[in-house]
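To keep things clear, I will list the structure first and then write my remarks on it.
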Amino acid sequence: MREVVRWLEEGRTYQWMVDTYRRKYEIETTISMWAALRRRNGIENRIVRDVDLIPWAVLPEHRHAHAVSMLGAEARRRAGKVLTTQMSDMLNAWLSGLERDNTVVHYDPDNPQGWSCVPRCDDVDTDLIRVPSRRTGRRHGVAAEG
């Protein structure tokens with residue numbers, strides 16, 4: 001149990017835990033099992049909802065794109081969650097690229113890729129995204145876990 005709590009505190013993903021448990025102990029587990037264990041033991045939820053960073057209803061085929069992963073990581077960081085060193089490094093590099101290129105993230109569900117970077121409009125874009133004319137996401141936003 002201590003090992004699992006440490007993994008959760010380190011911010012390991014449930015998929016990482018499934019894979020590691022299989023490799024170390026040759027026991028098959030599921031993502032939902034790890035989530036239930038976290039809940040039953042009162043371990044703080046890693047999911048952060050930030051409708052300012054992800055105000056869209058993101059289609060299933062676009063939910064694992066790099067841009068939404070990075071927005072989710074930034075949401076977790078802004079909420080005071082600890083990111084893994086690898087995730088923090090990836091996020092910092094991604095943010096540096098947006099700043100260097102003077103771009104923001106745009107989501108278009110009708111585009112096959114969904115996500116793109118568009119030139120920043122100084123009077124419009126005050127954060128990392130091109131704010132849509134209306135929010136389409138769930139009331140509390142899209143969950144950002146990782």
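Overview of values
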item: Residues (over 18 Å from residue 12 (Cβ atoms), surrounded by fewer than 18 Cβ atoms within 10 Å (Cβ to Cβ) and not polar (S, T, N, Q)) located in region 81-97; result: 93, 95, 97
item: Test: residue in region 116-135 that is among the basic types (Lys, Arg), under 25 Å from residue 11 (Cα atoms) and at pLDDT 90 or above; result: no
item: Residue that is surrounded by the most Cβ atoms within 10 Å (Cβ to Cβ) [pool: residues in region 110-121 that are over 18 Å from the mean Cα position of the chain (by Cα) and either outside any strand (DSSP E or B) or of a type in the set (S, T, N, Q) (or both)]; result: 120
item: Test: residue 7 is surrounded by 11 or more Cβ atoms within 10 Å (Cβ to Cβ) and under 28 Å from residue 133 (Cα atoms); result: no
item: The lone exception for residue 32 - which of (1) surrounded by 11 or more Cβ atoms within 10 Å (Cβ to Cβ); (2) of a type in the set (S, T, N, Q); (3) over 25 Å from residue 117 (Cα atoms) it fails; result: (1)
item: Count of region 42-69 residues which are surrounded by 15 or more Cβ atoms within 10 Å (Cβ to Cβ), in contact with a strand residue (DSSP E or B) (Cβ under 8 Å, 6 or more places away or on another chain) and not in a loop (DSSP other than H, G, I, E, B); result: 5
item: Sole exception among (1) touching a residue at least 24 places away in the same chain (Cβ under 8 Å); (2) surrounded by fewer than 18 Cβ atoms within 10 Å (Cβ to Cβ); (3) among the basic types (Lys, Arg) for residue 76, by number; result: (2)
item: Residue in region 23-30 that is assigned to a loop (DSSP other than H, G, I, E, B) and assigned by TED's automatic domain parsing to the domain that holds residue 125 present; result: no
item: Counted residues, region 38-78 - those being closer than 20 Å to residue 7 by Cβ, among the hydrophobic types (A, V, I, L, M, F, W, C) and modelled with pLDDT under 90; result: 3
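The values are calculated or read from the model by the stated rules, or taken from the named source; none is laboratory data. Not measured: the values here are computed from a predicted model. All Cβ positions, even for glycine, are placed from backbone atoms using ideal geometry, and neighbour counts span all protein chains on display.
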